[in-house]
Amino acid sequence: MLRIAVQAKGRLFEETMALLEESDIKLSSSKRTLLVQSTNFPVEVLFLRDDDIPQSVATGVADIGIVGENEYVEKEEDAVIIKRLGFSKCRLSLAIPKDIDYPGLQWFDNKKIATSYPVILKKHMQANGIKAEVHVITGSVEVAPGIGLADAIFDIVSSGSTLVSNRLKEVEVIMKSEALLIANKELSEEKKEVLNELLFRMDAVKTAEDKKYVLMNAPKEKLNEIIDVLPGMKSPTVMPLAQEGWCSVHTVLDEKRFWEIIGKLKALGAEGILVLPIEKMTL
C-alpha cells in the first residue's frame with residue numbers, strides 16, 4: 001500500500017483531488033478522515049498541513065506527497081522530486097507599500113521584511129549582498145507593513161489582488177512555484193511498482209490536457225496537403241468513404257492551434273469537421 005500525503009484544504013487540495021479522480025483513484029467520500037484508503041487502487045491518502053508534507057515524506061511517514069515547490073524548497077527536507085505536476089502555480093515575491101518609489105533590490109538593505117519563508121528569503125538576500133532584518137510571521141503576512149511591523153513583505157502571490165487590497169505592490173519575483181510530486185528515497189520495490197502505475201495514469205491525464213480528437217471528411221485529391229497541415233501524432237488515420245473520391249481523416253490536435261489549423265483545413269476542402277474532447281491519452 002502506497003501512502004500519499006496531500007494538503008488538507010485549499011487550492012492545492014482541490015486540484016490534487018481532481019487529478020486523482022481523473023486518474024481513476026477512487027476515495028471514500030462519505031466522511032473525510034486523516035487517512036483515507038482508495039477502494040480500487042493500492043494507495044491511501046494522508047491529509048496534512050502543506051508545510052508538514054516534506055518532512056512526512058522524508059521521514060517515511062508518507063511514501064510520496066504532492067506539495068507546492070515553495071514548501072519543498074523552504075523546508076529543505078531529504079526527499080526527491082519525482083514529477084512536476086504543472087498546477088497550483090504561484091510565485092514568491094517581494095512587495096512594498098505602493099506609494100514608495102522602488103530603485104532596485106538595494107532598497108531592502110537594512111529594511112525589515114515579514115515572511116513565512118525565511119530560508120528562501122535569506123538565501124536570496126545573501127546571494128545579492130543585501131542585509132535585511134527578517135521577521136517570521138505565520139498567517140496574514142500582507143498586513144505587516146500597514147501596522148508598522150515591517151517595511152516590506154515576502155510572500156506567495158497568485159493574482160495579486162491581496163497585495164492591492166493592502167496597498168502593496170510587487171517589485172521582485174524571487175521564485176516561481178508549482179505542485180510537485182515528491183517521494184521518500186527508500187521506497188521498496190513493491191511501492192515503486194505502484195508509484196510507476198500511478199505516474200502512468202497521471203501522465204495519461206496530463207497528456208490529454210488541451211488536446212482534441214478531430215474527425216473530418218476530405219477529398220482524396222487534397223489528402224497529402226491536408227496531412228501536411230496536421231501537426232498531430234505520428235500520422236493521421238485515413239479511411240475511405242462510400243462516396244467516391246472522399247475519405248475520413250482522424251487526428252489529435254493541440255487546442256491552442258485549433259482554429260488556425262481548422263481554417264487551413266477548410267480552405268483545402270475538408271468538410272464535416274467533428275471535434276471531441278479527450279479524457280486520457282498515452283504516447
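The values are calculated or read from the model by the stated rules, or taken from the named source; none is laboratory data. None of these values were measured; they are calculated from a predicted model. For neighbour counting, all protein chains shown are included, and Cβ atoms are generated from backbone atoms with ideal geometry for every residue, glycine included.
In this structure, Ile147 does not qualify as under 30 Å from Ile100 (Cβ atoms) and touching a Leu at 6+ places or on another chain (Cβ under 8 Å).
From the list Leu253, Leu223, Leu230, Leu198, the one residue that fits, being modelled with pLDDT of 90 or more, over 30 Å from Val43 (Cβ atoms) and not polar (S, T, N, Q), is Leu223.
For Asp254, the criteria (1) touching a Lys or Arg at 6+ places or on another chain (Cβ under 9 Å); (2) under 23 Å from Leu12 (Cβ atoms); (3) of a type in the set (Asp, Glu) hold in every case but one, which is (2).
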